[in-house]
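Okay, structure first, notes after.
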Amino acid sequence: MKRTLFVLLIMVLTFGTCSITLLGQGMEGSKAVPLSKVVRLNRAPVNKQILRVKLPRPREIKLDNGLDILVLERHKLPTVAFTLWIKTGALNDPRDLPGLAKFTADMLNEGTTHRSSAQLALDVDDIGASLGASASFGRSTSVVTASGLVENTGRILELMSDVVLNPTFPNDELAKYKKRQLAALQEMRSEPSFLARERFYQVLYGDFPASEVSATPESVSKVTREDLEKFHREYYAPNNAILGVAGDVDYDTVVKLIRKYFSAWKSHPIQTVHLPPLPKPMPAKVVLVDRPDSVQTDIMAGNYALRRNDPDYIPLTVTNHILGGGPAARLFLDLREEKGYTYGAYSYFRSDTYPGPWIASTEVRTAVTDGSVYELIAQFKKIRNEDVPEQELDEARRAIVASFALSLEQPATLLNAWLTVDYYKLPQDYWDQYPEEVAKVTPQVVQETARKYIDLGHLQVVCVGKGKAIEGGLKKYGPLEVYDTNGKRIN
């Protein structure tokens, strides 16, 4: 017994020491070798086979009122999760009322024909459930979610259906909501990250609806209960929705409950909202938002990416992972580990029914703004012009597939994957083929993808910071436009 305890103690001390050493290597002020200088010995055995991932398939059914239902039985935990996608979102907001889809979704929980806002909150809390709704800017859907213990499935569905079918948008709750929103907008305008995002999307998308990243004080003040009722009446319809359920449920039982609570939902024709044409890509330029009190510079750079059903989606996923997908990616290693300009630098892309943006972003000290923009562009050029080393590419592919496989342990993530297939009309075997498609991405494909989507000729660079300190250095990267923090152009 003593010998066993001694061996365990040695193991704990050994592994603990290793953990501390590894964690310390990336910290500022550490004398350890930076990540970019670590020599790879390649002595660890690596399984070269593709990680096979096969998703359990949902069973599908359509109610008589047109509601599409996906049921995914997962019996690992005694929980259940529901997600309802309404196929109309903030992308369809009226031009003079940005935020209407968000306002409508946010207000669903503020009272129904059966419950007040307070009673609804108490009923949800009573069963330890969650119930929420959202309509993110730039998205084509509004989303209602509910989850909890499977023993409360009936109660959860009853509450969810109540807010979807019977919201009343009471004036007293709307008045409170407006006050909260106005305060939130004022707070957002004080954040340089919001100013950068706001200006970047406006520069990139112009008059296209995706240019809106938030409501405005005018739209918050202007919106009425009648506006919310109209948006809900026009778009919240079963024939304009997909309901997914995942968890420890029995198909027949849960479908019966869904019929009970959602069959009364009346369908009607949905008016198609036609989006304007996407603006042609603008020539490369730099936009400065002058924030005189800033002690750092927020940088966003990017251009158009792709639609969710574009065949380049997976190649761009791999390419972006190599460039800026995390702390082992090139932007992070260069700007943080090599240069010490920032705490982090990343890139990402969004996609929907229209080409979303590809974006690289970082926050740096004012004094290194020029150098940071230089390094970002240098990394963009490198991934466009040089083959990615096979080992770096292989690590990226494996990391993507491993992350994907681990994420499937969450029923809600699984459900979202199948809702994505249904909504964007992807092939039914899309996720079954996903690991193999990731593995097919070669250095040549990465380079071709980078040249296509990291478009230096149309690169839009937005910097939010102290204008007097950084304006001169930014001029070398292209024509410069200057705005104040209220969005007014001053140069």
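Coordinate-derived values only; no laboratory data. Not measured: the values here are computed from a predicted model. Here the Cβ is made from the backbone with ideal geometry for all residues, glycine too, and neighbour counts use every protein chain on show.
Assorted remarks:
- Projecting label points 7 angstrom from Cα along Cα→Cβ for Thr113 and Ala264 puts them 0.7 nm apart.
- For the stretch 264-336, alpha-carbon Rg over 2.2 N^0.38 Å: 1.76
- Computed helical MRE - 222 nm, the chain, DSSP H runs ≥ 4 contributing -39500 (n - 2.57), nearest 500: -13000 deg cm²/dmol
- Alpha-carbon centroid distance for the pair the stretch 435-449 / the stretch 285-325, whole angstrom: 20 Å
- Relative contact order [Cα under 8 Å, 6+ residues apart], the stretch 103-143, whole percent: 38 percent
- Thr216 versus Asp394: modelled label distance in nm, points set 7 Å from Cα along the beta carbon direction: 5.5 nm
- Exposed loop sites here are GluC sites (Glu not before Pro) assigned a DSSP state other than H, G, I, E or B and surrounded by at most 13 other beta carbons within 10 Å; excluding them, the longest clear run of the chain is 29-385.
- Note on the chain: the alpha carbon radius of gyration divided by the globular reference 2.2 N^0.38 Å gives 1.09.
- Calculated on C-alpha atoms, the gyration radius of the stretch 59-262 divided by its Kirkwood radius gives an Rg/Rh of 1.00.
- Under 12 Å, Cβ to Cβ, from Ser219 - net charge with Lys/Arg +1 and Asp/Glu -1: -1
- FRET efficiency, Thr366 to Ala405 (Cβ-Cβ, R0 56 Å, nearest 0.05): 0.85
- Shown here: the stretch 377-491, whose C-alpha atoms stretch 53, 35, 24 Å along the first, second and third principal axes, sorted largest to smallest.
- Per residue, the convex hull volume that the Cα atoms of the stretch 285-483 enclose (Å³): 129 Å³
- Cα-based shape type of the stretch 144-213, given that a ≥ b ≥ c are square roots of the gyration tensor eigenvalues and the cut on a/c is 1.5: prolate
- Computed from the C-beta positions of Leu122 and Gln433, the FRET efficiency with R₀ = 45 Å rounds to 0.45.
- Computed over the stretch 307-448, relative contact order equals 27 percent, with contacts defined as Cα pairs under 8 Å that lie 6+ residues apart.
- The smallest convex shape that holds all Cα atoms of the stretch 235-390, its convex hull, gives 235 Å³ per residue.
- Extension reserve of the Tyr374-Leu456 stretch, reckoned as 0.36 nm per residue once the Cα distance is removed: 28.2 nm
- The chain, relative contact order in percent, only Cα pairs under 8 angstrom and at least six apart counted: 20 percent
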